[in-house]
Amino acid sequence: MPANFEILPDRAALVARAAAFVAEQLQGAIAARGQANLALAGGSTPKPVYETLAQLELPWERLHVFWSDERYVPADHPDSNQRMACQAWLNRVPFPAANLHPLPTGAGDPAADAAQHEAELRAHFQTAAGQVPAFDLILLGMGDDGHTASLFPQTAVLEERDRLVAVGRKDGQPRLTFTVPLLNQARCVLFLVSGAGKQAALRAVLAEQGDANQYPARLVQPLGELRWLLDAAAAGALADNLPSH
Ligand code: 6PG
């Protein structure tokens with residue numbers, strides 16, 4: 001599926017467009033299938049998007065929220081992606097606790113926690129072994145090194161094709177992450193990329209030819225839609241010739 005790009009003039013416009021797109025996608029999934037399954041990105045870019053979503057009315061009981069990756073820290077740790085999204089959004093709306101599916105980080109064993117979450121995914125989506133659940137929407141950011149979720153350059157998890165959730169590593173520190181097969185089963189993946197610091201990595205990720213091991217965001221080629229929301233600072237000269245692939 002060719003990617004679809006939108007370049008917004010600045011970060012505020014990117015945030016507004018992203019929130020509107022997410023709401024539209026969730027409403028569409030609920031209308032079509034009675035439920036929306038969303039996976040959130042971590043990092044700093046999505047936080048104002050979550051704060052904007054907190055101002056919207058959505059059929060909360062029909063929405064299930066997951067995370068595409070998580071630092072291996074307690075849920076109340078300042079680095080926790082779960083903590084960020086709950087403070088920015090989910091604690092501010094009448095969101096049913098049963099519909100919250102954070103990546104667990106309490107076993108003291110990242111691989112065991114990853115396996116536990118994989119079992120939770122299979123139970124929620126009612127998928128058998130060998131089948132891959134299809135999220136309605138997965139939000140992703142992209143690091144200035146071209147990583148996404150916790151798929152960091154030159155790490156073993158980039159090769160994982162059997163598990164749905166696995167252990168990524170950033171500077172040797174464990175993180176839990178959705179794997180490439182799970183990301184690519186999504187009906188829609190939305191990348192949110194802001195800031196001039198992302199320009200070089202974006203060029204490498206979007207180039208016709210390139211090394212996915214060095215720029216892991218290249219591995220995200222979902223069966224469904226692939227959408228990029230960029231601000232002008234991140235797009236830079238790309239604005240004149242975005243690839244059609
Ligand atoms: C995380 C994210 C990570 C993030 C990128 C971009 O846990 O940090 O999942 O993949 O999306 O590093 O982060 P920024 O949005 O802060 O630039």
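The values are calculated or read from the model by the stated rules, or taken from the named source; none is laboratory data. Bear in mind that the values here come from a model prediction, so they are computed numbers and not experimental data. Quick reminder, even Gly has a Cβ in these numbers, built from the backbone with ideal geometry, and neighbours come from all protein chains shown.
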>> Here's a check for you: in the stretch 148-192, which residue that is touching a Lys or Arg at 6+ places or on another chain (Cβ under 7 Å) and small (Gly, Ala, Ser) is nearest to the ligand (Cβ to nearest atom)?
In response: Ser150
> Do we find that Ser68 is polar (S, T, N, Q) and in contact (Cβ under 8 Å) with a residue 60 or more places away in the chain in this structure?
Replying inline: yes
>> For the list (1) surrounded by fewer than 19 Cβ atoms within 10 Å (Cβ to Cβ); (2) within 15 Å of the ligand (Cβ to nearest atom); (3) not polar (S, T, N, Q), I need the number of the one condition that Ala111 fails.
In response: (2)
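Looking at Ala16, Ala23, which is the one that is over 23 Å from Phe178 (Cα atoms), more than 15 Å from the ligand (Cβ to nearest atom), in contact (Cβ under 8 Å) with a residue 24 or more places away in the chain and among the small types (Gly, Ala, Ser)?
Matching residue, one of Ala16, Ala23: Ala16.
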>> Six or more apart or on different chains, Cβ atoms under 8 Å: show the pairs whose first residue is in the stretch 118-133 and part of a helix (DSSP H, G or I) and whose second is among the aliphatic types (A, V, I, L, M) and surrounded by 16 or more Cβ atoms within 10 Å (Cβ to Cβ).
In response: Glu118/Leu164; Glu118/Val165; Leu121/Leu164; Leu121/Val165; Leu121/Leu182; Arg122/Leu164; Phe125/Ala134
> Which of (1) surrounded by fewer than 19 Cβ atoms within 10 Å (Cβ to Cβ); (2) at pLDDT 95 or above; (3) away from the ligand (no atom under 14 Å from the Cβ); (4) outside any helix (DSSP H, G or I) is the odd one out, the single condition Leu226 does not satisfy?
Replying inline: (1)
> Restricting attention to the stretch 194-217, which residues are in a helix (DSSP H, G or I) and within 14 Å of the ligand (Cβ to nearest atom)?
Replying inline: Ala196, Gly197, Lys198, Gln199, Ala200, Ala201, Leu202, Val205, Pro216, Ala217
> Which strands (runs of 3 or more DSSP E) sit wholly inside the stretch 143-193 and have at least 2 residues that are of a type in the set (Gly, Ala, Ser) and closer than 23 Å to Ser44 by Cα?
Replying inline: 165-170
> What number goes with the only condition from (1) assigned to a helix (DSSP H, G or I); (2) among the hydrophobic types (A, V, I, L, M, F, W, C); (3) more than 12 Å from the ligand (Cβ to nearest atom) that Ala234 does not pass?
Replying inline: (3)
> Which one of Gln131, Gln126, Gln116 is at positive phi, of a type outside the set (Gly, Ala, Ser), away from the ligand (no atom under 13 Å from the Cβ) and surrounded by fewer than 21 Cβ atoms within 10 Å (Cβ to Cβ)?
Replying inline: Gln126
